[in-house]
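A.B. asks: So that we are looking at the same thing, I have put the structure below in structure tokens.
The values are calculated or read from the model by the stated rules, or taken from the named source; none is laboratory data. No experiment lies behind these values; they were computed from the predicted model shown. We place every Cβ from the backbone using ideal geometry, glycine too, and count neighbours over all the protein chains shown.
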Amino acid sequence: MDGVLVEPGRKIYLMMNKPRGLVTTASDEKGRETIYSVLRSEDKVPWLAPVGRLDKASEGLLLLTNDSEWGARVTAPETHLKKTYHVQIGRVADQAVIEAMQRGMSTNEQILKSRQCRLIRSGEKNSWLEIVLDEGRNRQIRRMLASLDIEVLRLVRVAIGPIQLGKLERGNYRELTLDEKLQLDHAMKLNSRVRHPSSKSALL
């Protein structure tokens with residue numbers, strides 16, 4: 001432009017361990033603190049958009065990127081990309097709770113169900129469940145457990161597809177490695193092929 005070579009900006013893919021209490025938005029009409037308070041100004045990162053959401057009371061793995069097309073693919077329902085959560089509930093879970101989460105339930109004229117649900121551990125008064133979703137509805141896990149009259153004490157997203165939160169400390173962030181990015185891209189392509197095979201493949 002005007003004799004100056006214009007080069008495309010570098011695509012950035014971050015993973016953040018979102019702390020509880022932050023809203024996943026650029027600005028908040030209620031003046032609440034947002035996830036952008038975590039990004040350090042000295043890192044001079046360009047504008048990044050969150051890939052999907054975690055509500056204010058939830059924490060854990062959140063992706064951010066300036067690659068809007070990629071972000072849309074990650075959140076698209078047709079990719080059926082698994083999201084894994086560890087959820088502390090205010091009661092001791094029994095098999096009936098696990099079966100109900102996997103069987104599904106109707107809430108507000110929607111059928112909500114988890115892809116998988118298993119007990120991680122139990123104490124005297126509460127339990128931790130691992131819940132896997134392959135389609136994200138608004139506050140889905142909280143709504144499902146509320147329909148069973150179960151209180152959610154903590155909700156932590158620990159994985160998106162093959163990407164694990166791992167040991168990333170709360171309130172910190174880092175770039176995805178090239179291998180992590182490739183793994184995530186491969187998982188999205190694989191899921192799309194499995195769920196929506198071509199007509200030629202379907203005949204084989």
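A.B. asks: Condition first: exposed (fewer than 14 other Cβ atoms within 10 Å of the Cβ) and part of a strand (DSSP E or B). Now tell me which residues in region 74-107 satisfy that.
C.D. replies: The answer is 106, and nothing else.
A.B. asks: Between a first residue in region 133-156 that is modelled with pLDDT of 95 or more and a second residue that is polar (S, T, N, Q), which pairs have beta carbons less than 6 Å apart while being 6 or more apart in sequence or on different chains?
C.D. replies: 153/88; 154/88; 155/58
A.B. asks: Restricting attention to region 11-32, report how many residues are assigned to a loop (DSSP other than H, G, I, E, B) and touching a Gly at 6+ places or on another chain (Cβ under 7 Å). Before the answer, list the steps.
C.D. replies: Within region 11-32, the subset assigned to a loop (DSSP other than H, G, I, E, B) is 11-12, 19-22, 24-32.
Applying the additional criterion that residues be touching a Gly at 6+ places or on another chain (Cβ under 7 Å) yields 19.
Summing the residues that are assigned to a loop (DSSP other than H, G, I, E, B) and touching a Gly at 6+ places or on another chain (Cβ under 7 Å) in region 11-32 gives 1.
A.B. asks: Related question: Could you tell me which of the residues 163, 111 is closer than 18 Å to residue 52 by Cα and hydrophobic (A, V, I, L, M, F, W, C)?
C.D. replies: None of the others qualify; the one that does is 163.
A.B. asks: Moving to a separate point now. Return yes when residue 38 is among the hydrophobic types (A, V, I, L, M, F, W, C), surrounded by 15 or more Cβ atoms within 10 Å (Cβ to Cβ), farther than 21 Å from residue 181 by Cα and modelled with pLDDT under 90 and no when it is not.
C.D. replies: yes
A.B. asks: Residues 121, 73, 91: which one is of a type in the set (Lys, Arg), touching a residue at least 60 places away in the same chain (Cβ under 8 Å) and farther than 30 Å from residue 177 by Cβ?
C.D. replies: None of the other options fit; the residue is 91.
A.B. asks: What are the residue pairs meeting all of these: first residue in region 163-184, first residue in contact (Cβ under 8 Å) with a residue 12 or more places away in the chain, second residue polar (S, T, N, Q), Cβ atoms under 6 Å, and 6 or more apart or on different chains?
C.D. replies: 168/17; 170/17; 172/17
A.B. asks: Among the listed residues 68, 27, 106, which satisfies the condition of being without any contact (Cβ under 8 Å) to a residue 24 or more places away in the chain, touching a Phe, Trp or Tyr at 6+ places or on another chain (Cβ under 9 Å) and more than 19 Å from residue 153 (Cα to Cα)? Quick ask: steps written out before the conclusion?
C.D. replies: Details: 68 fails: touching a Phe, Trp or Tyr at 6+ places or on another chain (Cβ under 9 Å); 106 fails: touching a Phe, Trp or Tyr at 6+ places or on another chain (Cβ under 9 Å).
When all the criteria are applied, what remains is 27.
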